[in-house]
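Enquirer: Below: one structure in structure tokens.
The values are calculated or read from the model by the stated rules, or taken from the named source; none is laboratory data. Fair warning: this is a prediction, and the values are worked out from it, not measured in the lab. Ideal geometry is used to build each Cβ from the backbone, glycine not excepted, and the neighbour counts take in all protein chains shown. Side chains are part of the model used for accessible areas, which takes the heavy atoms of the whole protein and leaves out ligands, DNA and RNA. Shrake-Rupley method; radii C 1.70, N 1.55, O 1.52, S 1.80 Å.
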Amino acid sequence: MKFTITRERLQEGLVAVASAVPTKTTLPVLSNILVEAVKDGIRLSGTDLDIAVSTVVPAEVDLEGSVTLPARKLVEIVRELPSAAIRVAAAGEQRVNLECGRSRFKLLGIPRDEFPTFPAVKFDGAWKVLSGDLQKLISHVMFAASTEESRPILNGVLWELRREQMRMVATNGHRLARMDVAVSGGRESGDFIVPPKALDQIRRLFGAADEIEIARSENHLGFRCGQTHVYTRLIEGPYPNYDQVIPRDNDRVAVLDKQAFAATLRRVGVVASDQTHRVRLGFGSGTLKFTVSTQDLGEAQDEMAVTYEGEPLEIGFNATYLLEILKYMPTDEVRITMKAPERAATVEPAGWDDPASYLCLVMPLRLVD
């Protein structure tokens, strides 16, 4: 293996794949990046066995070949090199010489044979989606996925692909986020439960204007755009029927300023319980009252103006869940619908002039007098 490449291109490729490399692993080769000198450039690949990223960067290849090199050290070396041509040559099966200007490095790698093979995903007849649409779904929904290991299915994001729209849903059982985006030129339907870590790679690697091809094998999903590929293992199992928990008959409606609502929640939340983060909200004509009472800590009260329709209502919520939802609301005002103190509430953007449909749900907390 022997090739010459600019520092900028090598660094760009390394940054793309390095985040797929695990920080801790019992399998030494997974700490390495696979470097392959091929006909059209240098293919760089990294994986943690669940997610794999591969990209090709242009280079002058004198001799094809491959080796795996320590990811962290290779990234650090290239980052510190001057902006000049880098010459890389294999010296045996595991050793690589790297030269740039007056700098000389010898790196010890692991043979390519020990690096895991990537999933066999065929892109014939793949779905094609605009990266910007996918990014919008990911950025508004992924936060609601569970981080607890007790229900692995909720650690994933449900992605429903249809001919004319795609939808993402995520929930941890206490809060839920759902968004629909219209698409054109779709093929047959597909439902996937995707790990958030994989969606994070998509958000990081692809620009809003890129068209991404998506294909699946039996238990993997592949994403392809240009010379960059991302593969992820899918989470298997049935996703809960989220549709049945979304209320259709909430008749109490509040419209309020998002920033003022969030600021007041943070303020009174200081004395809320560290376990429940419970805040009592009292909705009435023109006013929303906040009350927090925590044994051994103290009390807080506050209020703000609100546009409210319906009978007065007192309801308790986890302030942390509400603040998370508000963080991803794309408008200055939000619309909250409620029915009763023990029924789920919905939060939606108010006056959003976007064709996408976005809804969040949050379960109430029992009020203790």
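Enquirer: Need a quick list: strands (runs of 3 or more DSSP E) entirely within region 21-134 having at least 3 residues that are open to solvent by less than 20 Å² (accessible area, probe 1.4 Å) and of a type outside the set (Val, Ile, Thr).
Expert: It comes to 32-38, 41-47.
Enquirer: Next question, about the same structure. Scan (1) touching a Pro at 6+ places or on another chain (Cβ under 8 Å); (2) open to solvent by less than 50 Å² (accessible area, probe 1.4 Å) for the single condition Arg9 breaks and write down its number.
Expert: Condition not satisfied by Arg9: (2).
Enquirer: On to the next question. Under 8 Å by Cβ, and 6 or more places apart or on different chains, what pairs join a residue from region 61-73 that is touching a residue at least 60 places away in the same chain (Cβ under 8 Å) with one that is loosely packed, with under 14 Cβ neighbours inside 10 Å?
Expert: Within 8 Å, the pairs are Glu64/Lys39; Val67/Glu93; Val67/Pro111.
Enquirer: Could you grab me the full set of residues in region 170-209 that are open to solvent by 70 Å² or more (accessible area, probe 1.4 Å), touching a residue at least 60 places away in the same chain (Cβ under 8 Å) and touching a Phe, Trp or Tyr at 6+ places or on another chain (Cβ under 9 Å)?
Expert: Correct list: His174 only.
Enquirer: Can I ask one more? Within the set of pairs 6+ apart or on separate chains, which have a first residue in region 287-303 that is open to solvent by 50 Å² or more (accessible area, probe 1.4 Å), a second that is aliphatic (A, V, I, L, M), and C-beta atoms under 6 Å apart?
Expert: Listed by first residue and then by second, the contacts come to Leu297/Val271.
Enquirer: Which ones in region 353-369 are part of a loop (DSSP other than H, G, I, E, B), open to solvent by less than 60 Å² (accessible area, probe 1.4 Å) and within 15 Å of Met179 (Cα to Cα)?
Expert: Asp354, Ala356
Enquirer: Also, I was wondering about something else. Taking region 311-352 only, how many residues are under 19 Å from Arg278 (Cβ atoms), in contact (Cβ under 8 Å) with a residue 40 or more places away in the chain and outside any loop (DSSP other than H, G, I, E, B)?
Expert: Matching residues across region 311-352 total 17.
Enquirer: Moving on to the next point. Would you pick out the residues in region 345-364 that are at pLDDT 95 or above and of a type in the set (A, V, I, L, M, F, W, C)?
Expert: Correct list: Ala345, Val347, Ala350, Leu359, Cys360, Leu361, Val362, Met363.
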